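Undergrad: Okay, handing you the structure first.
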Amino acid sequence: MRFVGAILWIFTAFQLSCAEAGAKKEHKQESDPLTTLQKVENGQVKPQCMADEGSTDYGPDKLKPTVWHAQSGIFNNLELPSLTKMPTLQEVRDAIEDGFRRIPRRGKWFKSLSFATPAKVYEKPDLNSLEMGRMEPQTRVSPVGYKKGTGCKGGWIRIALRGYVCLRNLKPARDLPTTTILPEAKDGALTPGQYAYVRIGGSPWYPSRGAVKAQKKGGDLAAGFFVSYKRFTRINGKNYWKTKKNQYIPVDRLARFIPSKHKGTDLTGELTLPILFPIAKNGAKGIAIPVYDKPGGTVVARLPYHRSVHIFGETKIGKSRFYRIGACRWVASRQVAAAFPSPIPPGVRPDEQWIDINLERQTLVAYEGSKPVFATIISTGKPGHSTRHGIFRVWWKIPEIDMKNEIGAKDEYLASAVPWTLFFWKGQALHGAYWHDDFGKTKSHGCVNLAPLDARYLYEWSRPYLGAGWRYQWTGASYPGITVQIRRDDEDRPMVWGIARNFIPTEQLAKLDTRYKKDIQKETLEMISAPTNQDGEALASGKGDKKSDNPPAPGEKSKKSVAKKRSKKRSTKKVARRKKRRSSAPSMSRSRRAHRPAKGRRARSASR
């Protein structure tokens with residue numbers, strides 16, 4: 001009986017432990033804002049908090065994309081012709097015929113043609129035609145598509161519908177043509193390579209193995225510089241990294257850095273704008289942010305770091321703003337980066353891809369026409385290195401590039417082999433950033449930093465598409481780069497810059513320029529009339545003097561400056577009275593000082 005009773009007790013305890021585990025699991029699911037939201041939609045939970053008083057609800061009508069300044073009649077994007085130029089029937093016919101035309105070379109042993117050196121790609125079989133890009137050395141192309149032209153004695157070979165390369169840059173190869181699109185990243189890898197930064201104290205680098213053996217360095221790398229790994233080698237019993245720039249660096253002077261695993265949100269499914277991403281960190285580690293049952297209420301759950309959720313509404317209590325992410329589920333706006341729909345910028349056609357960047361919110365949203373398809377968090381220029389705001393077109397698309405400071409700059413930096421780069425304005429670009437995980441906050445020297453997975457998505461998604469072996473590609477009238485709109489905040493309507501001006505009708509562009517000049521004049525007048533302190537710095541609204549919105553007239557002094565002068569005058573009088581009392585006090589006689597113990601005198605001199 002005791003044995004049977006023990007078995008029954010164990011079975012009962014097992015049932016209780018299972019029930020307790022199930023209750024804990026059920027509680028965990030209930031505390032998850034997404035699970036609660038799903039139950040609300042299915043009618044299992046009454047939405048008691050979904051219509052809080054004083055909150056703003058985001059419905060479909062409120063979030064419907066609008067045409068940029070359409071209400072002012074500046075332009076109508078729907079009337080602009082598409083920029084996608086379909087090939088003509090003759091171009092397709094020529095391409096098919098060239099596909100059967102083999103180069104006039106004896107022998108059929110070779111299966112491809114390899115580039116011995118970087119080769120330029122031209123739009124037509126003519127050296128005077130527009131340069132489209134450049135091919136990477138050792139890239140192999142098919143030995144068909146031969147075509148005669150001008151400027152190249154051996155003839156030309158077609159590598160794209162509108163792309164030709166001179167044959168003098170090619171040599172026969174036995175291997176099949178290259179099919180890899182640069183930069184080459186392995187399956188499951190975050191980046192196309194491995195990276196490390198130079199430790200504190202810097203590191204020497206050597207140009208060759210012989211230089212390493214002779215200890216003749218080629219230069220020094222400062223601390224914080226990032227280098228890209230090519231292979232590992234051992235020389236004279238010491239380990240070295242050989243970088244992609246063929247530099248040999250001691251391994252003990254380098255530290256590996258693991259890139260961010262953050263991945264943006266696909267908006268083509270159930271999740272739509274607006275959405276938010278938690279960005280709170282404790283030191284260098286991201287943390288889950290608290291979820292409240294009401295704005296500023298009790299913590300009922302936690303939202304993981306960088307996990308995106310939909311925003312159903314918002315409210316403001318005092319100076320604090322809260323977003324509603326589900327039934328009785330609120331998060332503080334200061335701990336998240338929120339992405340909202342953007343008006344369609346000028347020059348964008350109905351079927352065209354474009355990107356919207358909000359500098360204040362540190363978010364990016366990719367669109368196809370008026371439909372958002374992708375959203376993520378970014379890091380733009382930090383104070384002193386601001387990112388240029390405006391409407392641009394990508395003018396250079398390159399798989400990998402080294403980025404460093406300008407000559408004479410105060411901040412020195414080097415990032416080798418920066419992947420998936422889209423240049424939109426001079427030296428500023430969208431690119432992958434493998435050296436930090438602080439997305440959602442300003443961090444860069446002017447570029448738009450993206451997590452590697454996000455940078456790869458935008459690079460492969462955006463037009464023009466690069467073929468196999470392309471080292472980089474320029475954009476042009478026949479193959480324009482995508483539009484990049486960078487706004488300072490939600491209300492900003494920036495100016496059109498660079499080559500983006502070539503894709504807007506002249507009349508509409510003139511109206512945009514006029515409106516932009518008026519906005520600049522208004523901002524300038526506001527800056528001039530803004531109240532300032534004695535150092536000439538502008539006073540923020542609501543701070544400092546209570547009447548800061550009404551600056552004193554010329555010749556008059558503000559109450560704050562008068563009070564400051566009075567306080568300074570009183571403190572000067574106090575110092576003078578203190579000095580007077582000290583001078584009138586009786587001094588210690590010489591005889592009394594002589595009778596003071598020597599030990600005390602030595603102690604005073606030692607403590608001075």
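The values are calculated or read from the model by the stated rules, or taken from the named source; none is laboratory data. Keep in mind it's a predicted model, so treat the numbers as computed, not measured. For neighbour counting, all protein chains shown are included, and Cβ atoms are generated from backbone atoms with ideal geometry for every residue, glycine included. Accessible surface areas use protein heavy atoms only, side chains included; no ligands, DNA or RNA. Shrake-Rupley method; radii C 1.70, N 1.55, O 1.52, S 1.80 Å.
Undergrad: Give the long-range amide H neighbours of residue 302: residues separated by 5 or more places, or on another chain, with amide H under 5 Å away, using H modelled in the peptide plane at 1.01 Å from N.
TA: Residues meeting the criterion, in which the H sits 1.01 Å from N, are 291.
Undergrad: Still on this model: Along Cα→Cβ, 7 Å out, is where each label goes; now give me the distance between the ones at residue 89 and residue 514 in nm to one decimal.
TA: Modelled inter-label distance: 4.5 nm.
Undergrad: Taking the Cβ-Cβ separation of residue 491 and residue 385 as r and a Förster radius of 30 Å, what is the calculated FRET efficiency to the nearest 0.05? Walk me through the numbers on the way to the answer.
TA: Details: r = 24 Å, r/R0 = 0.79.
Working from the Cβ atoms, E equals 0.80.
Undergrad: Right, something else. On full extension of the chain, what length is gained from residue 186 through residue 208, given 0.36 nm per residue of separation minus the C-alpha to C-alpha distance? Walk me through the numbers on the way to the answer.
TA: Values: separation 22, 0.36 × 22 = 7.92 nm, distance 2.81 nm.
Length gained between residue 186 and residue 208: 5.1 nm.
Undergrad: With a probe of 1.4 Å, find how much accessible area the stretch 379-532 has per residue, and write the answer as a whole number in Å². Each step should come with its number before you reach the end.
TA: Details: 7000 Å² over 154 residues.
Value for the stretch 379-532: 45 Å² per residue.
Undergrad: When ligands, DNA and RNA are left out and all protein chains stay put, how many square angstrom of accessible area per residue does the stretch 110-170 have with a 1.4 Å probe?
TA: 44
Undergrad: Could you tell me which GluC sites (Glu not before Pro) in the stretch 369-440 are loop residues by DSSP with no more than 15 other beta carbons within 10 angstrom of their beta carbon? Kindly include the intermediate steps, with their values, before the conclusion.
TA: Details: sites: 400, 406, 412; in loops: 406, 412.
Sparse-neighbourhood loop GluC sites (Glu not before Pro): 406, 412.
Undergrad: About the Cα centre of the stretch 189-240, how large is the charge dipole given +1 on each Lys and Arg Cβ and -1 on each Asp and Glu Cβ? Please answer in debye to the nearest 20. Before the final figure, lay out the partial values.
TA: Details: 9 positive and 1 negative charges, 61 e Å.
So the magnitude is around 300 debye.
Undergrad: Further question: Using a 1.4 Å probe on the protein heavy atoms only, what accessible surface does residue 457 show? Give it in Å² to the nearest 10.
TA: Counting only protein heavy atoms, the figure is 80 Å².
Undergrad: Sticking with this structure for a sec: Would you mind counting up the charge near residue 436? Only other residues with Cβ under 12 Å from its Cβ, with Lys and Arg at +1 and Asp and Glu at -1.
TA: Details: positive: 281, 382, 441, 443; negative: 437, 438.
That works out to +2.
Undergrad: Output the pairs from 216/242; 371/518; 263/443; 216/238; 441/511 with a Cα-Cα distance over 27 Å in this structure; if there are none, say none.
TA: Numbers: 216/242 16 Å; 371/518 31 Å; 263/443 18 Å; 216/238 15 Å; 441/511 35 Å.
Distance filter (> 27 Å) returns 371/518; 441/511.
Undergrad: Which value, in debye to the nearest 20, describes the size of the charge dipole of the stretch 285-327 about its Cα centre when Lys and Arg Cβ atoms bear +1, Asp and Glu Cβ atoms bear -1, and nothing else is charged? Each step should come with its number before you reach the end.
TA: On the way: 8 positive and 2 negative charges, 28 e Å.
The calculation lands at about 140 debye.
Undergrad: A further question on this structure: Taking the stretch 159-204 on its own, what percent of its Cα-Cα pair distances exceed 18 Å? Each step should come with its number before you reach the end.
TA: Working: 656 of 1035 pairs.
Result: 63 percent of Cα pairs exceed 18 Å.
Undergrad: Each label point is 7 Å from the Cα along the Cα-to-Cβ direction; what then is the distance between the points at residue 507 and residue 465, in nm?
TA: 3.7
Undergrad: At 1.4 Å probe size, with no ligands or nucleic acids counted, give the accessible surface of residue 413 in Å², nearest ten.
TA: So the heavy atoms of residue 413 present about 70 Å² to solvent.
Undergrad: When averaged across all projection directions, what area in nm² does the alpha-carbon convex hull of the stretch 226-356 cover? Before the final figure, lay out each step's value.
TA: On the way: hull surface 55.8 nm².
That works out to 13.9 nm².
Undergrad: If you don't mind, another one. Test of understanding: express the Cα radius of gyration of the stretch 191-302 as a ratio to 2.2 N^0.38 Å, with N the residue count. Please report the intermediate quantities before stating the final value.
TA: Values: Rg = 22.3 Å, N = 112, 2.2 N^0.38 = 13.2 Å.
Ratio of Rg to 2.2 N^0.38 Å for the stretch 191-302: 1.69.
Undergrad: Go through 130, 303, 414 and list them by solvent-accessible area, largest first, probe radius 1.4 Å.
TA: Details: 130 90, 303 0, 414 25 Å².
Solvent-accessible surface, decreasing: 130, 414, 303.
Undergrad: Could you give the size of the charge dipole of the stretch 389-483 about its Cα centre, using +1 on the Cβ of each K and R and -1 on the Cβ of each D and E, expressed in debye and rounded to the nearest 20? Provide the component values of the computation, followed by the final result.
TA: Details: 10 positive and 9 negative charges, 67 e Å.
In total the dipole reaches around 320 debye.
Undergrad: Can you give me the pair-distance distribution of the stretch 92-175, C-alpha pairs, 5 Å bins, whole percents?
TA: Pairs per bin, as whole percents: 3, 16, 28, 28, 18, 6, 1.
Undergrad: Apply the Karplus parameterisation 6.51 cos²θ - 1.76 cosθ + 1.60, with θ equal to phi minus 60°, to every residue of the stretch 188-204 and state each ³J(HN,Hα) to the nearest whole Hz, in sequence, with x for glycine and proline.
TA: Coupling constants for the stretch 188-204: x, 7, 6, 9, x, x, 10, 9, 8, 10, 6, 6, 4, x, x, 7, x Hz.
Undergrad: Another question, if that's okay. What's the carbon and sulfur percent of the stretch 120-180's accessible surface, probe 1.4 angstrom, rounded to a whole number? All intermediate terms of the calculation are to be shown ahead of the outcome.
TA: On the way: 1530 of 3180 Å².
Ligands and nucleic acids excluded, carbon and sulfur reach 48 percent.
Undergrad: Heavy atoms of the protein only, probe of 1.4 Å, neighbouring chains included. What is the accessible area of residue 56 in Å², nearest 10?
TA: 60
Undergrad: In whole percent, and with a 1.4 Å probe on the protein chains, what portion of the accessible area of the stretch 288-393 is carbon and sulfur? Show your work: numbers first, answer last.
TA: Numbers: 1680 of 3490 Å².
In the stretch 288-393, the share of accessible area belonging to carbon and sulfur is 48 percent.
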